[in-house]
Amino acid sequence: MALAIFDLDNTLLGGDSDHLWGEFVIEKGLVDPADHRRQNDQFYADYCNGTLDIHAYQRFALAPLVGRDPEELAQWHREFMQRYIEPIILPKGFEALEKHRKAGDTLMIITATNAFVTRPIAERLGVEHLLATEPERDENGYYTGEIVGIPTFQHGKVERLQQWLNEHGETLEGSWFYSDSHNDIPLLEAVDNPAVVDPDDRLRAHAERQGWPIISFR
């Protein structure tokens, strides 16, 4: 048995849940449409370019949640799952999860996207362990718009994973990591079995230099 780690957006999903949540809040009329879409698109471009300010982005992404009743947010997320996420769950990604599950491996999703957006998605995919950027909540369970701890982005994924390994007495022996993004090169280099999935151009070039397998879930 080993740890089988999966990126979420554009790996197990045929799209980016973070960016789609931005589109969802626009559709719901919760934000100024033109301004929010402009910023959402720019942050996504920064992510693709490897220049994202993760703290600035999370403050932007979490702002529509601030002061909202948790049950209202849960209802919004159920709608988001049905309309935006279910259609982009990739069957081949789900098959890869099942392959590792049947082998007795421990499944984990690790994603830069915040846990509010991604925890229900991980549950839908049957993955118990999720490492995501953690939004801060006050004593009443309301989101503050800030994050706590290390954001799971770029090398932060490695740091958060190491914390988890220490807490659970686990190692990376025999481990796997599946990802599409050059932002995940630090974690791909840390595991025994890097698996590059429908990669962006920078990751494809790096994978070819390293001799890493390149596969498709599309």
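Between amide H atoms placed 1.01 Å from N, distances below 5 Å from residue 145 occur with 136, all of them 5 or more places distant or on a separate chain. Please compute the net charge surrounding residue 99, taking Lys and Arg as +1 and Asp and Glu as -1 over other residues with Cβ under 13 Å from its Cβ. Local net charge: 0. Assuming R0 = 41 Å, can you tell me the calculated FRET efficiency for the pair residue 75 and residue 45, based on Cβ-Cβ distance, to the nearest 0.05? After rounding, the FRET efficiency stands at 0.85.
The Cα atoms of the chain give a gyration tensor whose axes a ≥ b ≥ c have a/c of 1.5 or more with a/b greater than b/c, which makes the shape prolate. Available extension along the chain between residue 89 and residue 142 is 16.2 nm, counting 0.36 nm per residue and deducting the alpha carbon span. In the chain, the DSSP beta bridges split such that about 20 percent are antiparallel, to the nearest 5.
Ordered by solvent-accessible area of protein heavy atoms (1.4 Å probe), largest first, the residues 81, 1 come out as 1, 81. Surface analysis of the chain yields an accessible area of 46 Å² per residue, using protein heavy atoms and a 1.4 Å probe.
Annotation for residue 38 and residue 82: the two label points, set 7 Å from Cα along the Cα-Cβ direction, are 3.4 nm apart. Only Lys, Arg, Asp and Glu carry charge here, each on its Cβ (+1 for the first two, -1 for the last two); on that basis the chain has a dipole of about 460 debye about its Cα centre. Rolling a 1.4 Å probe over the protein heavy atoms of the chain, with every protein chain left in place, gives an accessible area that is 48 percent carbon and sulfur. Here's the picture: charge each Lys and Arg Cβ at +1 and each Asp and Glu Cβ at -1 in segment 3-215, and of 153, 97, 171 the one pushed furthest to the positive end of that dipole is 97.
Straight-line reach from residue 102: taking Cα to Cα under 16 Å and skipping same-chain neighbours fewer than 8 places apart, the lysines in range are 92.
Using θ = phi - 60° in the Karplus curve 6.51 cos²θ - 1.76 cosθ + 1.60, the 3J(HN,Hα) couplings for segment 179-192 round to 7, 9, 10, 5, 4, 9, 4, x, 6, 4, 6, 8, 8, 6 Hz; x is entered for Gly and Pro.
The values are calculated or read from the model by the stated rules, or taken from the named source; none is laboratory data. Just so it is clear, the model here is predicted, and its values are computed rather than measured. Cβ coordinates were reconstructed from backbone atoms using ideal geometry, including for glycine residues, and neighbour counts include every protein chain displayed. To get the accessible areas, we keep the full protein, side chains included, count just its heavy atoms, and leave off ligands, DNA and RNA. Shrake-Rupley method; radii C 1.70, N 1.55, O 1.52, S 1.80 Å.
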